[in-house]
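Chemist: Handing you a structure now.
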Amino acid sequence: MIQLSPAEQETIYGLAEKILGISQKGKFRKNILVRNIELRISQTKRKNLSEYLNLVNSDKMEYCRFISALTIHTTNWFREPPHFMELEKYLKKNMPKIMIRPFVILSAACSTGEEIFSLGLLMEKVRREHPEFDYRLVANDIDPVSVSHAKRSLYPKQEVATIPKQYYSDILIGKNQFEDFFTVSKNIRERITFTNENILHLNFDATVKFDVIFCRNVLIYFEYENIKKIINVFINRLQPNGILCLGHSEALNAPETFGLKIIWNSSYIVVKNHAETKLPEKKLNPVTSAPSSPESYREDSNKYETLAHEITPSPTMLASLENKPKTILVVDDSITVRKVLQKLYEQHGFKVLLAQDAKQANNLLTTHFKDISLISLDLHMPEMSGQEWLSQIRSKGITIPVIIITDA
Ligand SMILES: C[S@@+](CC[C@H](N)C(=O)[O-])C[C@H]1O[C@@H](n2cnc3c(N)ncnc32)[C@H](O)[C@@H]1O
C-alpha cells in the first residue's frame with residue numbers, strides 16, 4: 001500500500017482543515033486520517049496522492065468517499081444515556097408549555113443516524129404518554145456517506161440488544177430479505193429531515209428554530225476559534241430558552257460568555273440570544289400520515305416492499321429467465337446491499353454469486369459465464385464504476401441482461 005510522505009500528509013491535514021474546519025492536532029486522529037487516505041489511493045488504483053486528488057476533483061462519488069475518509073463516525077444507540085434521561089424529565093415537566101407547537105430537535109453531526117433515531121424513540125415514548133405532544137427531527141452531517149446510511153435507516157439486527165427494552169414497541173424487525181436488519185417505526189421516520197452540511201455554516205432552513213440541539217462528540221475535533229463560531233451558529237438557531245447538549249467530554253469553559261447557563265451535565269440553556277437576523281418563524285408542515293397508535297410491523301411492510309421493489313427486477317424480466325439456469329451475479333461494494341439482494345433473489349429460487357468490485361465480477365463472469373442469467377450492478381463502486389464495467393463487458397460482446405442499482 002502507498003505511504004504518504006510527510007509533505008503529502010500535511011496536504012491532507014490542510015484539506016481537512018479547509019473543507020471541514022477541523023484541526024489535526026491529535027496524533028491518534030492524524031494516523032487514522034492518513035491511513036484512510038492511503039487506503040482510498042490503493043482502492044482506487046491511483047499511483048500517488050496527486051492522481052487521487054485529481055480523481056476526487058472529477059468524480060462526485062469519490063469526493064463523498066474522500067470526505068468520509070477525513071471524518072470519524074463512531075456512534076451508537078442512546079450514547080451517553082444521562083442526556084436522554086434529562087431530556088425526558090424536561091419534556092414531562094414542561095409539557096403544558098411545549099404542547100402548543102411541534103418540538104424541534106437537531107442532531108448536529110449525526111453520523112450514521114443512531115443518535116437521531118434514539119431521540120425519535122424517546123419522542124415516541126413521550127408521545128404515547130402525552131398524545132397531544134408532537135415533534136420534528138432534523139439530522140445533519142458533513143459526510144454524505146454517513147447521511148446516506150442514516151437515510152436508509154436499516155441497522156444490523158444484533159444492535160437491538162443495545163437499545164433499552166422500553167423502546168421496543170417502536171422497533172421494527174425486518175422480514176424476508178430484511179430479516180438481518182431492523183428499523184424504527186414510520187411515525188419516527190416520517191418526522192425526520194436529513195441534511196448534508198457543515199455545522200460551521202449551517203444553512204438548513206433559516207426560518208426553523210430548534211428547541212434542542214444535540215452536538216456531541218464532534219467539537220473535540222475543532223480548535224477553540226471554530227468552536228466559538230459553531231456555538232454562536234447554534235445559539236442563533238435555538239429558540240429562547242432552547243437547549244444545547246454537548247458531549248460529556250466537551251463541556252464549555254465559560255458558558256456565560258456565550259449567554260448560556262449549564263442545566264445538566266455538558267448541556268446548556270440559552271439565557272441570552274446573540275444579535276440574530278430576525279426571520280419570520282416557520283410553521284412546520286404537518287406530518288403526512290401520523291397514526292396515533294403504535295403501528296404493527298404489518299402496517300409498516302409497505303416501506304419494506306417499496307425498498308424491495310426498488311431493487312427487484314420486474315416480474316417480466318424474472319419470467320424471461322424461466323428457461324435459463326437461475327444464477328444472478330450481484331456486483332455491489334456495499335455488504336448490506338449485497339446481503340439484502342442475495343436474500344431477495346434466493347427467495348425467488350435463484351443461485352446468487354456476489355462480487356464487491358469489478359475485479360471480482362470479472363473473475364466470477366469468467367468462471368460461471370454459462371450459468372449467469374442476470375447481473376445486478378451497482379453504479380457507484382470505488383475502483384471502476386458500474387457504468388465503466390458495463391461498457392467493458394458489452395464491448396466484449398457479453399449481452400447478459402443487467403439491472404442497474406443506484407442510491408444517488
Ligand atoms: C464521532 S461522530 C459523532 C456522532 C454522534 N453525534 C454521536 O455522538 O454519537 C462525529 C461526526 O461529526 C461529523 N463532522 C465532522 N466535522 C463536521 C462538520 N464540520 N460539520 C458537520 N459534521 C461534521 C463527522 O462526519 C462524524 O459523523
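None of the figures in this text is laboratory data; all of them are computed from the coordinates on show. These numbers were taken from a predicted model, which means no experiment stands behind them. Virtual Cβ from ideal backbone geometry, glycine too; neighbours counted across all protein chains shown.
Chemist: Give me the angle, in degrees from 0 to 90, between the Cα long axis of helix 358-367 and the longest principal axis of the Cα atoms of the chain, rounded to the nearest 10.
Modeler: For 358-367 against the chain, the angle is about 30 degrees.
Chemist: Compute the acute angle (0 to 90°) between the alpha-carbon long axis of helix 6-20 and the principal axis of greatest extent of the alpha-carbon atoms of the chain; round to the nearest 10°.
Modeler: Roughly 60 degrees between the two axes.
Chemist: Moving on. How much net charge surrounds Asn140 when only other residues with a Cβ under 14 Å from its Cβ are counted (Lys, Arg +1; Asp, Glu -1)?
Modeler: Taking every other residue near Asn140 into account, the sum is -1.
Chemist: Taking the Cα centre of each part, how many Å lie between the range 176-224 and the range 29-66?
Modeler: 26 Å
Chemist: Okay, next question. If the elastic network links every pair of Cα atoms under 10 Å, which of Glu383, Glu346, Glu38 fluctuates the most in the Gaussian network model of the chain?
Modeler: Largest GNM mean-square fluctuation: Glu346.
Chemist: If you don't mind, there's one more thing I want to ask. Expressed as an acute angle from 0 to 90° and rounded to the nearest 10, what is the orientation of the C-alpha long axis of helix 335-347 relative to the principal long axis of the chain?
Modeler: 60 degrees
Chemist: Restricting things to Cα coordinates, could you compute the convex hull volume per residue of the range 160-205 in Å³?
Modeler: Given the Cα convex hull of the range 160-205, per-residue volume reads 141 Å³.
Chemist: Just the Cα atoms of the chain, one point each, no solvent: what log10 I(q)/I(0) does Debye give at q = 0.06, 0.08 Å⁻¹?
Modeler: Listed by q, the Debye log ratios stand at -0.30, -0.52.
Chemist: Hey, another quick one. Anything over 29 Å Cα to Cα? Flag those among Lys45/Lys228; Lys30/Lys186; Lys326/Lys359; Lys165/Lys229, in the order listed.
Modeler: Lys45/Lys228; Lys30/Lys186; Lys165/Lys229
Chemist: Follow-up question, since we're still on this one. Please name whichever of Ser169, Ile98, Val145 sits farthest to the positive end of the charge dipole of the chain, dipole taken about the Cα centre and charges placed at Cβ: Lys and Arg +1, Asp and Glu -1.
Modeler: Most positive-ward Cα: Ile98.
Chemist: Let me ask you something else. Could you tell me what percent of the DSSP beta bridges with both partners in the chain are antiparallel, to the nearest 5?
Modeler: Counting only bridges with both partners in the chain, antiparallel ones make up about 25 percent.
Chemist: Let me ask another. If you restrict to DSSP beta bridges whose two residues both lie in the range 81-270, what percentage is antiparallel, to the nearest 5? Intermediate values should be presented prior to the final figure.
Modeler: Numbers: 12 of 30 bridges.
Counting only bridges with both partners in the range 81-270, antiparallel ones make up about 40 percent.
Chemist: Moving on. Using only the C-alpha atoms of the range 6-69, find the volume of their convex hull and express it per residue in Å³.
Modeler: On the way: hull volume 5.0 nm³, N = 64.
It is 78 Å³ per residue.
Chemist: Note down, for the range 187-238, the three equivalent ellipsoid semi-axes (square root of 5 times each alpha carbon gyration tensor eigenvalue), biggest first, whole angstrom.
Modeler: Working from the Cα gyration tensor, I get semi-axes of 22, 13, 10 Å.
Chemist: While we're here: Would you mind counting up the charge near Glu159? Only other residues with Cβ under 12 Å from its Cβ, with Lys and Arg at +1 and Asp and Glu at -1.
Modeler: -1
Chemist: DSSP loop (so not H, G, I, E, B), at most 15 other Cβ within 10 Å: list which GluC sites (Glu not before Pro) in the range 102-186 pass both filters.
Modeler: Passing both the DSSP loop test and the Cβ count: Glu132, Glu179.
Chemist: In a GNM of the chain with a 10 Å cut-off on Cα contacts, which of Arg338, Arg189, Arg128 has the highest mean-square fluctuation?
Modeler: Arg128
Chemist: Which distance in Å, rounded to a whole number, links the C-alpha centroids of the range 245-267 and the range 89-150?
Modeler: A separation of 20 Å, based on Cα centres.
Chemist: So, one more: Excluding Gly247 itself, what net charge comes from residues whose Cβ is under 13 Å from its Cβ, given Lys and Arg +1 and Asp and Glu -1?
Modeler: Numbers: positive: Arg79, Arg216; negative: Glu80, Glu115, Glu250.
Summing Lys/Arg as +1 and Asp/Glu as -1 gives -1.
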